[in-house]
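Enquirer: I have a structure I would like to understand better, so I am pasting it below and will then ask my questions one at a time.
The values are calculated or read from the model by the stated rules, or taken from the named source; none is laboratory data. It should be emphasised that the depicted structure is a prediction, and the values quoted were computed from it without experimental measurement. Every residue, glycine as well, gets a Cβ built from its backbone with ideal geometry; the counts of neighbours run over all protein chains shown. Accessible surface areas use protein heavy atoms only, side chains included; no ligands, DNA or RNA. Shrake-Rupley method; radii C 1.70, N 1.55, O 1.52, S 1.80 Å.
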Amino acid sequence: MFKLERSGDLLINMAPAHSILIKNNNHLKSKNRKTTMKNSLLTFIIMTKIKNCYYLILSYCILFCACTREPDFKITKEFADSVKQYSYISKFSGGMAKVTTGGKDGFIDKTGKQVIPCVYGKIENFSEGIAKVIAEGEWGFIPERGNLTLKYIGKCGFIDKMGKPITPCVYDDAENFSEGTAKVKIGEKWGFIDETGKQIVPCIYEEVGYCFSERLARVKIGRKWGFVDKNGKQVIPCIYEDANNFSEGLASVKIGGKWGFVDKNKEQVIPCIYEDANGFSEGLASVKIGGKWGFVDKNGKQVIPCIYDKGFFSPSFSEGLAVVKVGGKYGLIDKTGKQVIPCIYDYAFFQKEMIEIEIGGKWGFIDKTGKQVVPCIYDYIRSFSEGMVNVKIGEKWGFVNKNGEQVIPCIYDTDKGLFPPSFSEGLAGVKVGEKWGFIDKTGKQVVPCIYDQVAWSFSEGMASVKIGKKWGFVNKNGEQVIPCIYDNDYGLFDTFSEGLAVVKVGEKYGFVDKYGNSTFDFDKE
């Protein structure tokens, strides 16, 4: 211990210790700095190696995907020879294409083999792996929902994708499968079959709903409606003047000229006191009293009073909001009945995140808060597609994005009486004067406007185009990979599917692949 008498002694005697402390402290700082630098360098080296490994793995993945991607189908002479016999062919779907020969329909695969023989008068498209077939028949007009419909009439049955019959052609009419069942008709009576062909609901009803909903289907005996389950049991008796499908556990039914709701236990949970009623959506259903619409909950409580007019559609909730109409003007309410967007618009329609509106003859979009996203300055608008919407000023069309920015000016024409094409696969068809081409989302013309007509959309990177009276195909680089030499009288709807497109020469049908080879090429050999 030092005994210090004066401040000077303190300074003199403390100096060596202070010097040592500073030296030690500097040494530690230097050591820590070196350690920190070393650690930082090590971290940098490790992160660089991880980054390089990541890019290496990513490159291998890309290369692997590119190498293992199935190449586009290429037409061979054998395939071309196999399709020559058909008077009509349709596009491929699920590895098969419908074909017709001698007035009979069948299906071929991509080897050209008839996987389903051409023995049917008509085959409809597959639905849930099953297709409706008609053995023999003829075209005629039949009454459907108050209108005359042109239909191929004959005995109906069903087949699977191997051509194996699910049911023989014994039904006088039938609809396609939906949710594992199909409605069928014997004589003048309707019922249902399942995917095995078993008749789960006997053909004893004057009419049945199109399909089951929540495992129950509407059926009609005489003039009264009820419901059956998939075992054919009539769980709700046919006592109602009308009925709608079940939704959210309840179905609207009509008795004594008034509408209410029943549950699946045939209990009338909401009395039949309404002039009209729609199905439940998000826990609420629209009902009508005194010509006005409101909403009830599943307990029958009228949570939103009947004060609204019917618009283009009966009101229903979507994403917590419903479009309503008062005094000829549209707005939106929430589930409490609060008017979150005032009824000031001449028209309003919910399109997912945004609402299409019209005011004073001008169109735009607002969001769910009522904020105007696309200003009401356009003479017409269409629905959004790939984040872009067609807009019209005067007689010219352009595009606006979801931020309301007019990224493509209104400088394009369209055919009289038709809307212009929307974006598909990043491109949209546009018309300048009398010629058509395609633009990208920046407005750049990637397919020059030199064609007399173009397809409404790209499919598998290709779109059909027309010069004079002939059709061909361009790719997304604007290259005409398939020359305009085909006579497709329905060229607007010709698209590639599974690497092939249907084409026509004279009255004969064939296929073309993405390499430009067609089944007609081999006729020249």
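Enquirer: Here is a check on your reading of the model: is residue 465 closer than 25 Å to residue 415 by Cβ and either modelled with pLDDT under 95 or open to solvent by less than 10 Å² (accessible area, probe 1.4 Å) (or both)? Step through it out loud before you land on a result.
Expert: Values: closer than 25 Å to residue 415 by Cβ: yes; either modelled with pLDDT under 95 or open to solvent by less than 10 Å² (accessible area, probe 1.4 Å) (or both): yes.
Judged against the criteria, residue 465 is a match.
Enquirer: May I ask you to say which residue of 329, 335, 392 is closer than 27 Å to residue 415 by Cβ, surrounded by fewer than 20 Cβ atoms within 10 Å (Cβ to Cβ) and either more than 24 Å from the chain's Cα centre (by Cα) or modelled with pLDDT of 95 or more (or both)?
Expert: It is 392.
Enquirer: Does residue 357 qualify as being touching a Lys or Arg at 6+ places or on another chain (Cβ under 9 Å), within 29 Å of residue 306 (Cβ to Cβ) and either in contact (Cβ under 8 Å) with a residue 60 or more places away in the chain or open to solvent by less than 20 Å² (accessible area, probe 1.4 Å) (or both)?
Expert: Working: touching a Lys or Arg at 6+ places or on another chain (Cβ under 9 Å): no; within 29 Å of residue 306 (Cβ to Cβ): yes; either in contact (Cβ under 8 Å) with a residue 60 or more places away in the chain or open to solvent by less than 20 Å² (accessible area, probe 1.4 Å) (or both): yes.
Judged against the criteria, residue 357 is not a match.
Enquirer: If you don't mind, there's one more thing I want to ask. If residue 109 satisfies every condition in (1) open to solvent by 60 Å² or more (accessible area, probe 1.4 Å); (2) within 20 Å of residue 500 (Cα to Cα); (3) of a type in the set (D, E, K, R) but one, which is the exception?
Expert: Checking residue 109 against (1) open to solvent by 60 Å² or more (accessible area, probe 1.4 Å); (2) within 20 Å of residue 500 (Cα to Cα); (3) of a type in the set (D, E, K, R), the one that fails is (1).
Enquirer: Which residue is most open to solvent (accessible area, probe 1.4 Å), if the candidates are limited to the stretch 135-167 and must be at pLDDT 95 or above and among the aliphatic types (A, V, I, L, M)?
Expert: Per the stated criteria, the residue is 166.
Enquirer: Kindly indicate the residue of the stretch 88-104 that is of a type in the set (A, V, I, L, M, F, W, C) and part of a strand (DSSP E or B) and also farthest from residue 507 (Cα to Cα) among those meeting that condition. Don't jump to the end; show me each part of the working.
Expert: We begin by selecting, within the stretch 88-104, every residue of a type in the set (A, V, I, L, M, F, W, C); these are 89, 92, 96-97, 99.
With the extra rule that they be part of a strand (DSSP E or B), the set shrinks to 89, 96-97, 99.
Numbers: 89: 12, 96: 22, 97: 19, 99: 15 Å.
Checking each candidate, the answer is 96.
Enquirer: Quick check on the stretch 209-231. Is at least one of its residues modelled with pLDDT of 95 or more, farther than 22 Å from residue 182 by Cα and aliphatic (A, V, I, L, M)?
Expert: No: zero hits.
Enquirer: Which condition does residue 425 not pass, out of (1) charged (D, E, K, R); (2) open to solvent by 40 Å² or more (accessible area, probe 1.4 Å); (3) more than 20 Å from residue 472 (Cβ to Cβ), if it passes all the others?
Expert: Against the list (1) charged (D, E, K, R); (2) open to solvent by 40 Å² or more (accessible area, probe 1.4 Å); (3) more than 20 Å from residue 472 (Cβ to Cβ), residue 425 comes up short only on (3).
Enquirer: Restricting attention to strands (runs of 3 or more DSSP E) lying wholly within the stretch 437-525, give those where 2 or more residues are over 16 Å from residue 91 (Cα atoms). Steps first, please.
Expert: On the way: elements: 445-451, 462-467, 470-475, 482-486, 500-505, 508-513.
Filter on the stretch 437-525 gives 445-451, 462-467, 470-475, 482-486.
Enquirer: Considering the stretch 224-264 alone, what residues qualify as being open to solvent by 10 Å² or more (accessible area, probe 1.4 Å), of a type outside the set (Asp, Glu) and in a loop (DSSP other than H, G, I, E, B)?
Expert: Matches in the stretch 224-264: 230, 231, 232, 233, 244, 245, 249, 256, 257, 264.
Enquirer: Mind listing whichever residues of the stretch 500-519 are open to solvent by less than 40 Å² (accessible area, probe 1.4 Å), free of Cβ contacts under 8 Å to residues at least 24 places away in the same chain and out of contact with any Asp or Glu (no Cβ under 7 Å at 6 or more places or on another chain)?
Expert: none
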